[in-house]
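Bear in mind these aren't lab numbers, they're just calculated from the coordinates by the rules spelled out. Given the structure is predicted, the values throughout are model-derived calculations rather than measurements. Counting neighbours? That spans all protein chains shown, and the Cβs are built from the backbone with ideal geometry, glycine included.
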Amino acid sequence: MDAAQVAVIVLNWNGKQDTLECLASLEAVTHPRCRVIMVDNGSSDGSVEAVQEAFPQTIILRNGRNLGYAGGNNVGIRYALAQGYEYITILNNDTLVSPDFLHILVEHYRRLPGPAVLSPMIYYHADPARIWYAGAEWTGWGFRRLLNKEEDSSKKLNGLTPTDFTVGCCLLTSREVFRKVGYFDERFFLCFEEIEWCFRARRSGIYSYIAPQAKIWHKVSVSFGGDRSPLLYYFNSRNSLLWAEMHLPREEYIRFLGYRLRSLKKSIVPPWHLLENGAPLPKRLFWSCRTYAKTVKRNLSKPAVRAELLGLVHYFCRRFGSAPSSVMNS
């Protein structure tokens, strides 16, 4: 059987070095009909020129501005569909891939009875033997990883493993799936867009799987600036609720909303206690209230907490798309 034509879409936004390393790893991919498409979200760091020089065979699509993960990848997906690629792979630019990852994913897909969404096993770039992502499930309060970050690759999975969704770090599917399900919802901009898309696919009977034999390595949170980045807290706060609104039953959505509100409250409001220092009660009440207020003010001064609160406010105000500049530049 002839090898299928596969488009690999790599989104870049001011990530020159990561993108160059990612494209270098893709050069060793064994699949004979793989074409790399770099979509640039208005970078100003010389990324486009560097890629043109180092990898002249790479197709480059330029956006005039930052369209986020959803909008940027949608540009690449539309191009791939128009060019007739049979399979489309979305790949983060902060990853390195094994040479056979694409061949394994395509072969697994071809053996499935119907359309699906596949992901490789994803490992930490900084700790190559440790698994970062091997699938997840919705528990009713949040997502639980089937293999979490404390577990390592000694715990093997055999064959394709069902998962509630694949992460946007890397996923492969066929053109017919995008034709049927549609594109990423650009209201999300960044974070939860691939989860929403996978749940939308599930409604059409298209399920997600992990292919453990296919491997890539992820630098983790580079696009957000780290695990404690205000950007991550903003988008996770706002977009998780938008996803829940779209895909959970009303009662479960309300429980999840309550869970997010309580979680944010814990970050801002400390437990109340009356100071015990032997002073008269009015004085103790005064100092207790003063300490309480200072603690709340100190918590609200933390950029991540403010961003999480702003994300919640913007969700209720129906403000979606990109984050405000105060968060994007924090």
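Miscellaneous remarks
- Rel. contact order, % - alpha carbon contacts under 8 angstrom, at least six apart, the chain: 17 percent
- Beta bridges per DSSP, both residues in the chain: antiparallel share near 40 percent.
- For region 37-45, 3J(HN,Hα) per residue [Karplus equation, 6.51 cos²θ - 1.76 cosθ + 1.60, θ = phi - 60°, Hz, x = Gly/Pro]: 10, 9, 9, 9, 8, x, 5, 10, 9
- As a proxy for reagent exposure, ranking R262, R144 by other Cβ atoms within 10 Å from fewest up yields R262, R144.
- Residue exposure proxy: R111, R175, ordered by other Cβ atoms within 10 angstrom of their Cβ from fewest to most, comes out as R111, R175.
- A simple rule links phi to the HN-Hα coupling: the Karplus curve 6.51 cos²θ - 1.76 cosθ + 1.60 with θ = phi - 60°, which for region 99-109 gives x, 9, 4, 6, 4, 5, 4, 5, 5, 4, 4 Hz, with x for Gly and Pro.
- Which of D45, D40 has the fewest Cβ neighbours within 10 Å, and the rest in rising order: D45, D40
- Dipole magnitude of region 1-102 about its Cα centre (Cβ charges: Lys, Arg +1; Asp, Glu -1), debye to nearest 20: 380 debye
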